[in-house]
Structure formats: C-alpha cells, structure tokens
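For reference, the structure is listed below as structure tokens.
We did not get these values from a lab; they are worked out from the coordinates using the rules stated. Quantities reported herein were computed from a predicted structural model and do not represent experimental measurements. Methodologically, a virtual Cβ is constructed for each residue, glycine included, from the backbone with ideal geometry; neighbour enumeration extends over all protein chains shown.
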C-alpha cells in the first residue's frame, strides 16, 4: 500500500521538439509506471534565427561600435596592423561567437542544427560588419573609393568588440 505523501515513481522521461505557433519548443513529459503524466515542461528552443534576432544583433553591434569607432587609436591601428593580424582578429571573433552561440543555443543539439548554427554565427558577424561599415562611413573613417584597404582594416578591428556585444545582445530574451 502506498503512503499518502509518497512521491510517485518516475517511469519515463520523453523529450520532443514541437512547433507551438511560430516558435520551436522542447516539451519534456514525465510519466509514472501507469502512463499517467506527472509533469510537462515546455522550454523554448532558440535554434532558429528570426527578425527579432537580427534587430538584437544590430543593436548589440551598435552598443560597442559607437564608442570604439570614434577613437583615434583604432584609426591609427588600422594603418599599422598587417593583414595577418587582421585575419587573426577575424578568426578570433568568429571563434568567440561560435563558442558563445554553441553554449547558449546548440549544446546537445548541434548535430541536428548545423545549418542554423552556421547561419547564426555568420549572420551575427556579417551584420556586425555592416553596422560598423555604416558607422565608419558616416564618421568619414571609411573612404571606400580612395582608401578601401584601410577602411576594411578599420572595420574589421571595430567589428571585433561589436560582434561580441552583438552576440551577447542576441542572447537576451
């Protein structure tokens, strides 16, 4: 005979990904040995990249690109830094974005979501580059016709912190 305050024994835990409305959610169903549902947990799955995510990336990239793009040190650094260092900075940016995105969105589900993972990492970096390019052009520190190489270097330098704040901003829900 069961005790009145005894916890029911969990027999199975079933996880499934379902679309509720527009968004994906993970539904975890816990049942007892008789098949009775003891608990259901619905958790959003943030593997897809929506318009709201794009807007958050734009705002996040703007947050750090504004104070950094206005510094003369960055302008001079663009003149002195060789392309190998710029390429390394781009690689480090992409690596940090990928690590952050993996641990916040795809841990445990990357094998099923490779395309969405690559899309989120690439989109975050490319949007950051566009935001920085636009800002640097506005403040006349990116002259695309006359000094396109220097302009590109400056954009890549400022895109490093801009992409970091963009990816963090995108994770805020």
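Taking only the C-alpha atoms, wrap a convex hull around the chain and report its volume per residue in Å³ as a whole number.
On the way: hull volume 25.5 nm³, N = 173.
Per-residue hull volume (Cα only) is 147 Å³.
How much mean residue ellipticity at 222 nm does the chain get from its helices, if each DSSP H run of length 4 or more adds -39500 (n - 2.57) and you divide by all residues, to the nearest 500 deg cm²/dmol? Provide the component values of the computation, followed by the final result.
Working: 5 runs with 96 residues, N = 173.
Calculated mean residue ellipticity at 222 nm is -19000 deg cm²/dmol.
Residue 143 to residue 115: FRET efficiency via 1/(1 + (r/R0)^6), r the Cβ-Cβ distance, R0 41 Å, to the nearest 0.05? Display every interim value, and only then the final one.
Values: r = 37 Å, r/R0 = 0.90.
Calculated value: 0.65.
Students often check this: by mean Cβ neighbours within 10 Å, which of 49-56, 12-19, 153-160 ranks highest, and how do the rest follow? The partial results should precede the final answer.
Values: 49-56: 14.2, 12-19: 10.8, 153-160: 25.2.
Going by the mean number of other Cβ atoms within 10 Å, highest first, we get 153-160, 49-56, 12-19.
If you take the square roots of the eigenvalues of the alpha-carbon gyration tensor of segment 83-131 and sort them as a ≥ b ≥ c, do you get rounded (a/c under 1.5), prolate (a/b over b/c) or oblate? Write out the running numbers ahead of the final one.
On the way: a/c = 2.68, a/b = 1.87, b/c = 1.44.
It comes out prolate by the Cα gyration axes.
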